[in-house]
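The values are calculated or read from the model by the stated rules, or taken from the named source; none is laboratory data. Since the model is a prediction, treat every value here as computed from it, not as a measurement. Here the Cβ positions follow ideal geometry from the backbone for every residue, glycine too, while neighbour counts run over all protein chains shown. Note: accessible area is taken over every heavy atom of the protein model, side chains too, but ligands, DNA and RNA are not part of it. Shrake-Rupley method; radii C 1.70, N 1.55, O 1.52, S 1.80 Å.
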Amino acid sequence: MSSRPPAPPASAWRVLAVALTLILVLVLAAGLWAHWRSLSDDDAARLGARATVASVRTGLHPDPSVLPDAVLADQEAAFGPAATPSQARHLEARGTGAPPSSLADAAAWLEDVARTSPNGELAATAASVAASWWAAEPPPTGADPTARRTEESEAGSGAGSPATSDGSAGERDGDGPVSGAASKVPTEDGDGGDTDDDAASSCEPAQLAAVTALDRARFTAEAAAARIPADAAQRGTMDAVTDTLDATLREPAVTPMLSCDPAPVAGGHVLPAGFAEDPARAVGGTLREASAALVSAVGASSPEDREWLLTGLRETAGAAQQLDPEHPVTALPGRE
């Protein structure tokens, strides 16, 4: 008898060959799909935002004492992985446009992504990075970043400035647990006002939280303005901040929320710690908290509801840094 082992059946070799062929076909198909598949609008927006951050890092070179490269690196990473060769080709075919000419230009591009993207996560990240850049980019010499909204507020000043129920939040002195009363931001309860159904549709929790944060910042700014002498340089800035927040709380998109239950401006605000020692810095802190709340609201809102959120974010981010310049500019406010 032969000691040689029997040869495996020929059918087993055929099965193995067929399996290997199928694996090869699948790998080739996956490669071709990755090579030729179209670039989605969502991926294009994400990669465009990432490229904008990269352009700021390599082309604009912001002041590292204000916006260090480590912060920019975190912002770039927040937009996910870099484009694959296939995605890069599709982006080039779409046209990438000119790189940003300034940090403000780059922030405006990200603001547009935050306004229009149907992806809430991407919108919130873009809004967060834009807020960081609005804080880092100083206003032009002699310009007041709140001037535009102050003019709007004065134009509609016939309704009066919202204040606490005692007529002036600024009359409340002290620090720490000092409670504010409800703001007199006008509600639309009269004829022609919003219906209960309209109000209910506007009661999105993240947006209500943003309105509450804005109202607390306005309350703190009014209290600070009462402590700062009328002829002091900071008084004009504080009055402008108060007027800006007042105008934001009167936005047509915000008015229906004032009828929500619980009301987002019901009062009970507490002056922040350190208010007695440095009122301006305390206001800056509440504005920074409002910015974070606005970023969260952007991510939770549909594109058509984001306009007022981004307007408020642009203004609170810049004013917060003006009033509290020693606070470092963070990479992703509201997302960290």
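Quick check on my filter: what residues within region 302-331 are hydrophobic (A, V, I, L, M, F, W, C), outside any helix (DSSP H, G or I) and either open to solvent by 10 Å² or more (accessible area, probe 1.4 Å) or under 21 Å from M238 (Cα atoms) (or both)? Outline the logic, then answer.
The first filter runs over region 302-331 and keeps only residues hydrophobic (A, V, I, L, M, F, W, C), leaving 308-310, 313, 317, 319-320, 323, 329, 331.
Still in the list and also outside any helix (DSSP H, G or I): 329, 331.
Residue satisfying the conditions is V329 alone.
Restricting attention to region 207-219, does a residue exist that is in a helix (DSSP H, G or I), under 18 Å from the mean Cα position of the chain (by Cα) and β-branched (V, I, T)?
yes
Can you confirm whether D42 is exposed (fewer than 14 other Cβ atoms within 10 Å of the Cβ) and in a helix (DSSP H, G or I)?
Values: exposed (fewer than 14 other Cβ atoms within 10 Å of the Cβ): yes; in a helix (DSSP H, G or I): yes.
Criteria met by D42.
Out of L294, L249, L271, L245, report the one residue that is open to solvent by less than 10 Å² (accessible area, probe 1.4 Å) and within 21 Å of A126 (Cα to Cα).
On the way: L249 fails: within 21 Å of A126 (Cα to Cα); L271 fails: within 21 Å of A126 (Cα to Cα); L245 fails: within 21 Å of A126 (Cα to Cα).
Only one candidate passes the filter, namely L294.
Could you give every pair whose Cβ atoms fall below 7 Å, whose first residue belongs to region 45-59 and is in contact (Cβ under 8 Å) with a residue 60 or more places away in the chain, and whose second residue is among the small types (G, A, S) and not in a helix (DSSP H, G or I), counting only separations of at least 6 or pairs across chains?
A45/S117; R46/G80
Run down G285, G299 and say which single residue is more than 15 Å from A123 (Cβ to Cβ), assigned to a helix (DSSP H, G or I) and not β-branched (V, I, T).
The conditions single out G285.
Need pairs with beta-carbon distance below 8 Å; first residue of a type in the set (S, T, Y) and within region 269-287, second surrounded by 15 or more Cβ atoms within 10 Å (Cβ to Cβ); sequence gap 6+ or separate chains.
T286/A213; T286/R216; T286/A217; T286/T220; T286/A221; T286/P272
Residues being part of a loop (DSSP other than H, G, I, E, B) and touching a helix residue (DSSP H, G or I) at 6+ places or on another chain (Cβ under 8 Å): count how many of those fall in region 45-62.
Let us first name the residues in region 45-62 that are part of a loop (DSSP other than H, G, I, E, B), namely 61-62.
Narrowing the set further to residues that are touching a helix residue (DSSP H, G or I) at 6+ places or on another chain (Cβ under 8 Å) leaves 62.
Residues meeting the conditions: 1.
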